[in-house]
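One structure below.
All of the numbers you see were taken from the coordinates with simple rules; none came from a lab. Since this is a predicted model, take the numbers as computed values, not measurements. Here the Cβ is made from the backbone with ideal geometry for all residues, glycine too, and neighbour counts use every protein chain on show.
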Amino acid sequence: MDCIFCKIIKGDIPSGKVYENEKVYAFKDINPQAPVHILVVPKLHIDSCDMISAENSSYVSAIFEAIPAIAKEAGLSEGYRVITNCGAHGCQSVKHLHFHILGGKQLSEKMD
Ligand code: AMP
Ligand code: ZN
């Protein structure tokens, strides 16, 4: 499958890895939108938030279990935002489920 994040997980494309475990891979966003901008992805290909199911949700819970450690390592003691874009209206550009961790500054109150 021609998926850029699957290739990053396999190591076929280089990335700035910040965390990895059996189910989760996290790396620096190539086009950061905040001083800290990390992408957290499941090691299983899931198209988007809209494809989460009872069969694959252990990868999603593993992501959220890892996020506090990833945020701590990144120095986000003052807080951060976790976002996933889904589908066309959500402006999802990479069709492999991913959660953005944004922080390192006071973020805007606006979410759209
Ligand atoms: P989204 O628009 O929510 O699908 O987010 C996709 C994100 O992936 C964007 O923030 C891109 O900057 C980021 N991105 C795309 N290709 C790479 C890459 N090779 N390494 C790191 N981040 C990437
Ligand atoms: Zn993929």
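Summary table below
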{"read-out": "Between region 72-112 and region 16-47, the Cα center-to-center distance that results, in Å", "value": "11 Å"}
{"read-out": "Simple Cβ-charge dipole of the chain, Lys/Arg +1 and Asp/Glu -1, about Cα centre, in debye nearest 20", "value": "260 debye"}
{"read-out": "Computed helical MRE - 222 nm, the chain, DSSP H runs ≥ 4 contributing -39500 (n - 2.57), nearest 500", "value": "-6500 deg cm²/dmol"}
{"read-out": "In order through region 36-44: 3J(HN,Hα) via Karplus (6.51 cos²θ - 1.76 cosθ + 1.60), integer Hz, x for Gly, Pro", "value": "10, 9, 10, 9, 10, 10, x, 6, 8"}
{"read-out": "Only Lys, Arg (+1) and Asp, Glu (-1) charged, at Cβ; region 1-62 dipole about Cα centre in debye", "value": "240 debye"}
{"read-out": "Under 5 Å, built H, 5+ apart or other chain: amide partners of Lys43", "value": "Val24, Tyr25"}
{"read-out": "21 Å Cα cut-off, lysine pairs counted over region 12-112 (separation 8 or more, or different chains)", "value": "13"}
{"read-out": "R0 of 22 Å, Cβ-Cβ distance Ser93-Leu44: FRET efficiency to nearest 0.05", "value": "0.65"}
{"read-out": "Label-point separation, Lys105 to Lys17 (7 Å along Cα→Cβ), nm", "value": "3.0 nm"}
{"read-out": "Charge context of Lys23, other residues only, Cβ under 14 angstrom, K/R +1, D/E -1", "value": "-3"}
